[in-house]
Amino acid sequence: MPRSKTGSSLSEVRESIKRIRGEGERFLGQLRRETQTFARKTRTEVATDVRKVRDELKSRGEQTLLDLEKRGRRIVEGFEKQVGRLAEAAGNRLGPSHLEVPELTARVHQLERRVEQLERELRDALEQQGT
């Protein structure tokens with residue numbers, strides 16, 4: 001039994017090596033053809049190809065930059081919205097906004113005057129009862 005496992009795995013290795021060798025030979029053949037095609041090209045054809053590649057890379061780079069800028073703007077806008085919501089929520093929990101403070105100050109002064117007036121009236125009422 002152990003021998004059959006070894007035999008089958010050895011045959012699998014041989015098949016893999018044959019398959020890899022075939023793929024390597026196909027790759028080398030394709031590389032040889034492309035190299036020959038490139039070698040036959042004239043200097044102007046090569047320059048044209050290089051310009052095409054350069055232009056394509058440039059347009060891809062520009063598009064990538066535009067996409068990154070859009071993404072960046074969306075991220076910043078989302079962040080600003082979140083900060084605004086948090087600030088609004090914190091403002092509601094913390095108390096009045098800076099716009100409401102003068103109104104509240106005036107109201108506190110009115111209440112203080114009213115309390116003082118009520119104290120005077122109570123004192124006067126107590127004095128009149130005591131006399």
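The values are calculated or read from the model by the stated rules, or taken from the named source; none is laboratory data. Since the structure is predicted, the reported quantities are computational estimates derived from the model, not experimental observations. Neighbour counts run over all protein chains shown; Cβ positions are idealised from the backbone, glycine included. For the accessible areas, the whole protein counts, side chains as well, though only heavy atoms, and no ligand, DNA or RNA atoms are used. Shrake-Rupley method; radii C 1.70, N 1.55, O 1.52, S 1.80 Å.
Are there any helices in the chain, counted as whole DSSP H runs, that stretch 24 Å or more along their axis by Cα and score at least -1.0 on average by Kyte-Doolittle, and if so which?
43-94
For region 22-131, what % of the accessible area comes from carbon and sulfur atoms, probe 1.4 Å?
Here it works out to 57 percent.
Given Cβ point charges of +1 (Lys, Arg) and -1 (Asp, Glu) and nothing else, what value in debye, to the nearest 20, does the dipole of the chain about its Cα centre take?
Rounded to the nearest 20 debye, it is 2140 debye.
What lysines sit close enough to LYS41 to cross-link, taking a C-alpha to C-alpha distance under 16 Å and skipping anything fewer than 8 places away on the same chain?
Straight-distance partners of LYS41: LYS52.
Residue farthest toward the positive end of the dipole of the chain, with Cβ of Lys/Arg at +1 and Asp/Glu at -1: which of THR37, THR105, GLN63?
Selected residue: THR37.
Given only helices, namely DSSP H runs of n ≥ 4 each adding -39500 (n - 2.57), what is the per-residue ellipticity at 222 nm of the chain, to the nearest 500 deg cm²/dmol?
Theoretical 222 nm ellipticity from helices: -34000 deg cm²/dmol.
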